[in-house]
Amino acid sequence: MAFKSKWWEKWLARAFHVLLTSGVVTVVFIKETDLRKSIESDKPVYAACFLSLLSAATICYFLASLIDPGYVSTKSSNVNIEDGLICQGKEIASAVQSVDSNDEKDEETETTRMMLAEGNALKLRHCGYCEILQPLRSKHCEECGHCIRKYDHHCPWLATCIGEKNHRFFWAFLLLETAVVCWVINIVWNAFKSKSTSNEWLKANWLLLCVMIFVVLILIVVGLLFACHSYMMLTAQTTWEFMSRSRISYLKYFPDDENPFDQGYFKNSMVFLCYCKPRTWEKLIKEKIHWR
């Protein structure tokens, strides 16, 4: 049985993020830091720039967590995919096969359908939960209860899936959050007070020290995630495809060092950041198969 997150669990995760962010910002404002000095000196440009960056990161967080990540409509099971690459209905009814023994049986009911394109076989998944034939690069998320286009992963921090429609906002959030955390580290470092003994130093700086340890840990996590998703953007991959390539049917027909969705760093980035409509990845794979 699929597990589906309750609405209150999603809002609890988001409230927790806001609470942690507010706590850190409150500390760097109430202590004698550059932010506080900026406001007290009647030259609040420094503080305004910091708050603008923080606000942009928060907006991207909520955009990534609240918008549709790319839910596959249940109506898509009756839609023919263009260019003859995939046919649905009676033509493929006889081609239904059982899932390979090494496929991810614990994720969904793995019924696959074999189709031919330019003499090559492509497997598409039939989702036993949504009862649809999934478009390429889609995957069912048990926590969200939907099939997600260009599925990347389910993010517990955002309490939603990262997919085709919100991946760019998630990447932007990681970029801005990394910048905010680096700025906070600089602010806290400059705010430490010098004392003659270690006990006096700890007594004067213990709150700032706690904040420093926390934000350094956050920087490690967020920075690594930003680097990871920047790599995925540049190479036109998803985390699911990168981690589970050997178990994904539509990638088995390509060498390990070949990504059929790769169109070069620049075009990959432009498509990732600027292309808003759902893409027909089947057409791109067909072109690669034909080229080969």
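The values are calculated or read from the model by the stated rules, or taken from the named source; none is laboratory data. Just so it is clear, the structure is predicted and the values come from calculations on it, not from any experiment. Here the Cβ positions follow ideal geometry from the backbone for every residue, glycine too, while neighbour counts run over all protein chains shown. SASA here: full protein model, heavy atoms, side chains in, ligands and nucleic acids out. Shrake-Rupley method; radii C 1.70, N 1.55, O 1.52, S 1.80 Å.
Taken as a whole, the condition of being open to solvent by 50 Å² or more (accessible area, probe 1.4 Å) and not aliphatic (A, V, I, L, M) does not apply to W171. Of note, N186 does not satisfy the criterion of being more than 20 Å from H17 (Cα to Cα) and either of a type in the set (D, E, K, R) or touching a residue at least 12 places away in the same chain (Cβ under 8 Å) (or both). If the condition is being crowded, with 17+ Cβ neighbours inside 10 Å and either over 26 Å from A159 (Cα atoms) or touching a Leu at 6+ places or on another chain (Cβ under 8 Å) (or both), then region 48-62 contributes F50, A56, A57, C60, Y61.
Residues checked against (1) more than 17 Å from the chain's Cα centre (by Cα); (2) surrounded by 12 or more Cβ atoms within 10 Å (Cβ to Cβ); (3) of a type outside the set (V, I, T):
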| site | (1), (2), (3) |
| --- | --- |
| M212 | yes, yes, yes |
| L217 | yes, no, yes |
| T235 | no, yes, no |
| L251 | yes, yes, yes |
| L273 | no, yes, yes |
| T280 | yes, yes, no |
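Considered as a group, the residues in region 33-65 that are within 33 Å of the chain's Cα centre (by Cα) and of a type in the set (S, T, Y) include one that is nearest to A191 (Cα to Cα), and that residue is Y46.
Looking at R113, R149, which one is among the basic types (K, R) and at pLDDT below 85?
Values: R149 fails: at pLDDT below 85.
R113 is the lone residue from the list that is among the basic types (K, R) and at pLDDT below 85.
Considering region 253-271, the residues that are open to solvent by less than 20 Å² (accessible area, probe 1.4 Å) and hydrophobic (A, V, I, L, M, F, W, C) include one that is modelled with the lowest pLDDT, namely F254. If V222 passes every condition in (1) open to solvent by 30 Å² or more (accessible area, probe 1.4 Å); (2) at pLDDT 95 or above but one, which one does it miss? Unmet condition: (1).
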